[in-house]
Amino acid sequence: MNIASIQDILVRRQTAFGIGVMVGFLMVGCVSELTLVPDPTDQTDGADGTDGTEPGDSTDPTFLADPTAKFDPLSRPESPTLSPENFNSAKDCAGCHPTYVAEWENSMHAYATVDPVWRVLVDIRKAEFDGAQDQMCVQCHTAIGTRGGEVVPGFSWDDLSEISLEGVTCEACHKVSGMRRIYNSGHELDETGPLRGTIEDPVANSYHESEYSELFGQAKFCGGCHDIIDMARGLQLERPYEEFLASPAAKEGRNCQTCHMPTYTGKAAIIDGVPERTLHRHRFIGAEVALDESFTSDPEVRAMLREEVDNLLRTAAEITVEAAESVQAGQQLDLLVTVRNLIDAHNLPTGSTFLRQCWVAITVTDAEGNILYQTGHLDEDGDLRNYWSSADQFGDADLIEFGSRFIDETGNPTLFPWLAAEHISSALSPLYERTFTLFVPTTPDTVGPITIDAAVRFRPLPPFLLRALGAGALVENLVITNMDEATRTVEVTP
Ligand code: HEC
Ligand code: HEC
Ligand code: HEC
Ligand code: HEC
Ligand code: HEC
């Protein structure tokens, strides 16, 4: 890990305030353009009437009493509230549930505590808060380790047991017995209880008790970890569940599982007497494949996951370009570019929007191949030409990005939520579209027809960030996906 190089970036970008000064600001109060807690009166229900925020679900007075508290009785306890030895490894499930284990072990859930990008960021935050926030970033990535006394102020990675290193492992989910709030690791864990799921009449087995729980078929089960509020600043970091509550998908009774755990027919366990049922995929396909190749080293599995991620990403967005049929040589050509979020369940992008890159790339060429106009093209380091570009800062005045950014007290962008006063989002709401006008110059010599190639592109992490985190070796594993493309030609008249 490389705090020095990160500080380089911060110092380079923020001349007015050093890091020490910024940390001094942290306790002063929460300046956020978003509200601190979900509206407890928001009872928006899914069509089945069970998926909404019920009273008590998302507000926890104890928890909110002191937002800067070092500990939280549920998810960041001062002393252990469970024993990691009571949780079984995914390896123990393979004998009867081989398909689940094979799917899960290459998922981002299994990657959650070995993810090198996450680890560097956690180390930086630990250093910034000098021990006061060490559990914050680990409480969801391994609830077992954080509640089990392994992740305490001053912990080291060597303190994590095998089960904690499995991250969001089978029993981190299947021992969930209830929810106290729908954010910040809001689940209750029943360490010696049965394994719960949505099979109503599970066949008995010699290894574990089974129990039906409707919670596993609901979006709020996912929201308990996927919605994140940074209590140190009161900033809403990630709110896919909140976005979902107001979405068309929620009104139609669909949920996160519909798209991220698609169904198939099969046997849940390979032992006698188990019937065929409608089951759920456990690959948890989202926006990326683990960047660290050693995590999923089988090239066939990587290629399969890559294809599934790309296929999902291609369902997410639509780009259209409108322009006149012809332009007079030497005149300006106006382009109307519209990007629409086709996901009816959450924003595009969602989740870690401050890390993700989702942008519009357009190249306009004349008949001789001369480039008349470009936006969304990369600089020599592979970065977008925005604030963070070293090679060509602000070199792309028209750059259209969907995502979010943190702004500090001085009004400058910052990479870290704990230095931020505001979290500003330009993500597209479910099924919303936004139109931009771009101007393409031509010259009296421009030879038609003109070709406009447009795409809306996605990349999970920016190269500059990986390099700054000392993880530059991962840059070559980054993949850019064209979520949608559009082409148009325009004639040139003399
Ligand atoms: C409330 C639970 C929760 C907390 C608290 C949390 N995370 Fe996460 N983290 C998640 C979830 C869920 C995702 C997946 C979101 C996505 O992919 O969009 C994630 C994804 C990430 C990723 C992206 C990994 C990758 O390879 O792309 C990083 C990095 C990360 N978290 C770092 C942190 C840091 C740093 C903190 C502390 C400031 C933190 N997390 C606190 C739940 C949490
Ligand atoms: C000895 C075989 C065996 C082992 C080992 C085993 N299971 Fe199961 N499990 C079963 C059977 C059989 C069912 C019922 C399947 C059915 O009825 O379709 C089941 C059902 C489940 C269910 C669904 C419960 C419900 O009602 O929806 C979950 C969740 C589950 N197992 C998780 C696990 C996990 C996690 C592990 C490893 C820690 C594990 N199992 C180990 C045999 C086993
Ligand atoms: C116990 C906490 C927890 C629960 C419950 C949970 N997740 Fe996650 N999820 C995470 C974390 C942490 C990550 C990110 C791991 C990383 O990248 O380091 C993640 C990552 C993901 C990703 C991958 C995102 C990407 O960038 O590709 C998807 C998809 C996902 N989760 C879907 C779900 C769904 C659907 C549910 C509900 C059925 C769910 N999760 C429940 C913690 C959780
Ligand atoms: C209609 C299908 C659909 C439903 C329902 C859905 N998603 Fe997604 N999700 C997608 C698509 C498509 C993407 C890829 C585009 C993106 O990253 O936003 C995605 C991406 C994600 C990511 C990765 C985002 C990133 O860029 O890091 C997370 C995390 C996620 N979804 C969580 C959820 C959660 C939590 C729910 C339920 C509250 C949910 N999704 C419901 C379709 C869906
Ligand atoms: C992120 C949370 C999460 C993790 C991790 C997870 N599961 Fe599940 N699992 C679910 C949810 C949610 C369902 C129910 C989905 C639904 O009904 O919509 C489910 C369903 C099941 C079922 C019931 C049959 C089915 O397919 O619906 C079994 C069996 C099961 N999981 C076993 C496992 C095993 C074994 C592991 C580890 C290898 C595992 N799960 C990891 C969330 C998880």
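Considering only the range 138-178, how many residues are of a type in the set (A, V, I, L, M), in contact (Cβ under 8 Å) with a residue 40 or more places away in the chain and surrounded by 20 or more Cβ atoms within 10 Å (Cβ to Cβ)? Outline the logic, then answer.
To start, the set of residues in the range 138-178 that are of a type in the set (A, V, I, L, M) comprises 138, 143-144, 151-152, 160, 163, 165, 168, 172, 176.
Pick out the ones that are also in contact (Cβ under 8 Å) with a residue 40 or more places away in the chain and you get 143-144, 160, 163, 165, 168, 172, 176.
If we keep only those that are surrounded by 20 or more Cβ atoms within 10 Å (Cβ to Cβ) too, we end up with 143-144, 160, 163, 168, 172, 176.
The qualifying residues number 7.
What strands (runs of 3 or more DSSP E) completely inside the range 198-256 contain at least 3 residues that are buried (at least 17 other Cβ atoms within 10 Å of the Cβ)? Steps first, please.
Details: elements: 210-212, 228-230, 235-238.
So the answer is 228-230, 235-238.
Which one is nearest to ligand 5 (Cβ to nearest atom), of the residues in the range 347-385 that are farther than 18 Å from residue 459 by Cα and not in a strand (DSSP E or B)?
The first filter runs over the range 347-385 and keeps only residues farther than 18 Å from residue 459 by Cα, leaving 363-374.
Next cut, not in a strand (DSSP E or B) only: 366-370.
Values: 366: 51, 367: 53, 368: 54, 369: 49, 370: 51 Å.
By that ranking, first place goes to 369.
Select from the range 190-215 the residues that are within 15 Å of residue 176 (Cα to Cα) and either among the charged types (D, E, K, R) or in contact with a helix residue (DSSP H, G or I) (Cβ under 8 Å, 6 or more places away or on another chain) (or both) and list them in ascending order.
190, 191, 192, 195, 196, 197, 198, 209, 211, 214, 215
Across the range 182-197, which residue is nearest to residue 82 (Cα to Cα) among those that are within 13 Å of ligand 3 (Cβ to nearest atom) and buried (at least 20 other Cβ atoms within 10 Å of the Cβ)?
At the first step, the residues of the range 182-197 found to be within 13 Å of ligand 3 (Cβ to nearest atom) are 182-189, 196-197.
From the residues that got through so far, the ones that are buried (at least 20 other Cβ atoms within 10 Å of the Cβ) too are 182-187, 189, 196.
Working: 182: 21, 183: 20, 184: 18, 185: 15, 186: 15, 187: 13, 189: 8, 196: 18 Å.
Out of the qualifying residues, it is 189.
In the range 91-109, what residues are in a loop (DSSP other than H, G, I, E, B) and within 10 Å of ligand 2 (Cβ to nearest atom)? Break it down into steps so the answer makes sense when it comes.
Going residue by residue through the range 91-109, those that are in a loop (DSSP other than H, G, I, E, B) are 94-97, 105-109.
Within the range 91-109, 94, 95, 96, 97 qualify.
So, of the residues in the range 438-463 that are part of a loop (DSSP other than H, G, I, E, B) and within 16 Å of ligand 1 (Cβ to nearest atom), which turns out to be surrounded by the fewest Cβ atoms within 10 Å (Cβ to Cβ)? Spell out the reasoning first.
Narrowing the range 438-463 to residues part of a loop (DSSP other than H, G, I, E, B): 441-449, 460-462.
Remaining after also requiring within 16 Å of ligand 1 (Cβ to nearest atom): 460-462.
On the way: 460: 22, 461: 20, 462: 22.
Ranking the candidates gives 461 first.
Failed condition for residue 113, given (1) over 28 Å from residue 474 (Cβ atoms); (2) part of a loop (DSSP other than H, G, I, E, B); (3) modelled with pLDDT of 95 or more, with all others met?
(1)
Return yes or no: is residue 217 within 11 Å of ligand 5 (Cβ to nearest atom), in contact (Cβ under 8 Å) with a residue 24 or more places away in the chain and under 19 Å from the mean Cα position of the chain (by Cα)? Break it down into steps so the answer makes sense when it comes.
Values: within 11 Å of ligand 5 (Cβ to nearest atom): yes; in contact (Cβ under 8 Å) with a residue 24 or more places away in the chain: yes; under 19 Å from the mean Cα position of the chain (by Cα): no.
Here the answer is no, as residue 217 does not meet what is asked.
Only one of these conditions is not met by residue 247: (1) touching a helix residue (DSSP H, G or I) at 6+ places or on another chain (Cβ under 6 Å); (2) within 16 Å of ligand 4 (Cβ to nearest atom). Which number is it?
Condition not satisfied by residue 247: (1).
Can you pull out every residue in the range 136-195 that is part of a loop (DSSP other than H, G, I, E, B), charged (D, E, K, R) and over 25 Å from the mean Cα position of the chain (by Cα)?
At the first step, the residues of the range 136-195 found to be part of a loop (DSSP other than H, G, I, E, B) are 136-142, 148-156, 160-161, 166-169, 175, 180-186, 190-194.
Now restrict to residues that are charged (D, E, K, R): 150, 166, 175, 180-181, 190-191.
Once the filter is applied, which keeps residues that are part of a loop (DSSP other than H, G, I, E, B), charged (D, E, K, R) and over 25 Å from the mean Cα position of the chain (by Cα), the range 136-195 yields 150, 190, 191.
Kindly indicate whether any position in the range 228-249 is more than 16 Å from ligand 3 (Cβ to nearest atom) and at pLDDT 95 or above.
Within the range 228-249, the first condition is being more than 16 Å from ligand 3 (Cβ to nearest atom), and the residues that meet it are 231-236, 246, 248.
Restricting the remaining residues to those that are at pLDDT 95 or above gives 248.
Looking for residues that are more than 16 Å from ligand 3 (Cβ to nearest atom) and at pLDDT 95 or above, one finds at least one in the range 228-249, hence yes.
Provide a single number: the residues in the range 464-482 that are away from ligand 3 (no atom under 16 Å from the Cβ) and either surrounded by 20 or more Cβ atoms within 10 Å (Cβ to Cβ) or assigned to a strand (DSSP E or B) (or both). Steps first, answer last, please.
Start the filter on the range 464-482 by keeping residues that are away from ligand 3 (no atom under 16 Å from the Cβ), which leaves 464, 467-468, 470, 472-473, 475-476, 482.
Filter again for either surrounded by 20 or more Cβ atoms within 10 Å (Cβ to Cβ) or assigned to a strand (DSSP E or B) (or both), leaving 464, 467-468, 482.
Of the residues in the range 464-482, 4 are away from ligand 3 (no atom under 16 Å from the Cβ) and either surrounded by 20 or more Cβ atoms within 10 Å (Cβ to Cβ) or assigned to a strand (DSSP E or B) (or both).
May I ask you to list the residues in the range 420-452 that are touching a Phe, Trp or Tyr at 6+ places or on another chain (Cβ under 8 Å) and of a type in the set (Ser, Thr, Tyr)?
426, the sole residue that qualifies.
Every residue in the range 263-310 that is surrounded by fewer than 17 Cβ atoms within 10 Å (Cβ to Cβ) and assigned to a helix (DSSP H, G or I), please.
Those that are surrounded by fewer than 17 Cβ atoms within 10 Å (Cβ to Cβ) and assigned to a helix (DSSP H, G or I): 299, 300, 301, 303, 304, 306, 307, 308, 310.
Select from the range 395-431 the residues that are in a strand (DSSP E or B) and in contact (Cβ under 8 Å) with a residue 24 or more places away in the chain and list them in ascending order. Even if it seems obvious, please write down each step before you answer.
Let us first name the residues in the range 395-431 that are in a strand (DSSP E or B), namely 401-402, 404-407, 413-414, 422-425, 428.
401, 402, 404, 405, 406, 413, 414, 422, 423, 424, 425, 428 - these are the residues of the range 395-431 that are in a strand (DSSP E or B) and in contact (Cβ under 8 Å) with a residue 24 or more places away in the chain.
The values are calculated or read from the model by the stated rules, or taken from the named source; none is laboratory data. Just so we're clear, the structure is a prediction, and the values are computed from it rather than from any experiment. When we count neighbours, we look across all protein chains shown, and the Cβ atoms used for this are built from the backbone with ideal geometry, even at glycine.
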